[in-house]
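S.K.: Below is the structure I would like to discuss, written out as structure tokens.
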Amino acid sequence: MDDFQNLTGRLLVAMPGIGDPRFEHAVILICAHARDHAMGLRLDRPAPGVDLKAVLTKLETPAPEAAAGRPVLVGGPVERDRGFVLHSDDWMAEDASLAFGEGLAITGTREALAAMVDPAMGPRRSVLLLGYAGWGEGQLEDELGENVWLTAEADADLIFDPDYDAKWARALATLGVDPGLLSGQAGRA
């Protein structure tokens, strides 16, 4: 029996007591999921002391003043020096953008960075993330079986919402779950 469930385009919402401080209260958008791997971007953790203007300046890319103060997120613990622009699919870079889910895409090029600060040509919504979360074959499925993650529908308003502190509770609310009623204790029935 084949019970593989592709979670591309869905959210993972960390349960309390996940056991890994890197993922406490995490909300992760799954960008790719196959039997042998999964890749996602954490949506709720701004990189401390880093904004979009600083990243653009470091990469010697034009950095308009509008990029100042615009948060850059920590997408996950893997390859934290690698950037991904998560954006609406109204802008795509040929041969570089990966469309997934409902109206979403990721692009990892300088072209995407330039587009995200150009309101005339860039995507309607975008955010830069450094690093990603990755799982090897069967690892995500094992974690789901251990009840460390809940899965939820992805919603662009939640994905691009700049209220990062409330994102976890909002994601749980989409499932009808009150975060105050969740326990960090795991158990089996």
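S.K.: Under the √(5λ) rule applied to the eigenvalues of the Cα gyration tensor, what semi-axes describe the equivalent ellipsoid of the stretch 1-113? Give them in Å, descending.
M.R.: Taking √(5λ) for each Cα gyration eigenvalue gives 27, 19, 11 Å.
S.K.: Report the label-to-label distance for residue 178 and residue 68 in nanometres (one decimal), using points 7 Å from each Cα along the Cα→Cβ vector.
M.R.: About 4.5 nm separates the two model spin labels.
S.K.: So how exposed is residue 4, as accessible area in Å² (1.4 Å probe, rounded to 10)?
M.R.: 60 Å²
S.K.: Another one. Could you check how much of the accessible area of the stretch 107-148 is carbon and sulfur, as a whole percent, using a 1.4 Å probe?
M.R.: Values: 980 of 2060 Å².
Whole-percent figure for carbon plus sulfur exposure: 48.
S.K.: Hey, if we sort 15, 116, 121 by accessible area with the 1.4 Å probe, largest down, what's the order?
M.R.: 121, 15, 116
S.K.: Let me ask something else about it. What number do you get for the stretch 84-184 when its Cα radius of gyration is normalised by 2.2 N^0.38 Å, N = residues?
M.R.: Against the empirical 2.2 N^0.38 Å value, I get 1.26 for the stretch 84-184.
S.K.: Leaving out ligands and nucleic acids, note down the accessible area per residue over the chain with a 1.4 angstrom probe, in whole Å². Please report the intermediate quantities before stating the final value.
M.R.: Working: 9990 Å² over 189 residues.
Counting only protein heavy atoms, the per-residue value for the chain is 53 Å².
S.K.: For the chain, what does the equivalent ellipsoid look like in terms of its semi-axes, each the square root of 5 times an eigenvalue of the Cα gyration tensor, given largest first in whole Å? Could you put the intermediate results ahead of the total?
M.R.: Values: eigenvalues 172, 66, 43 Å².
In descending order the semi-axes read 29, 18, 15 Å.
S.K.: Separate question: Using a 1.4 Å probe and ignoring any ligands, DNA or RNA, find the accessible area of residue 24 and quote it in Å² to the nearest 10.
M.R.: 70 Å²
S.K.: Once you list every other residue whose beta carbon is under 13 Å from the beta carbon of residue 71, what net charge do they have if Lys and Arg are +1 and Asp and Glu are -1?
M.R.: 0
The values are calculated or read from the model by the stated rules, or taken from the named source; none is laboratory data. The model shown is predicted, which means the values in this text are computed figures rather than measured ones. Don't worry about glycine lacking a Cβ; one is built from the backbone with ideal geometry, like all the others, and counts go over all protein chains shown. To get the accessible areas, we keep the full protein, side chains included, count just its heavy atoms, and leave off ligands, DNA and RNA. Shrake-Rupley method; radii C 1.70, N 1.55, O 1.52, S 1.80 Å.
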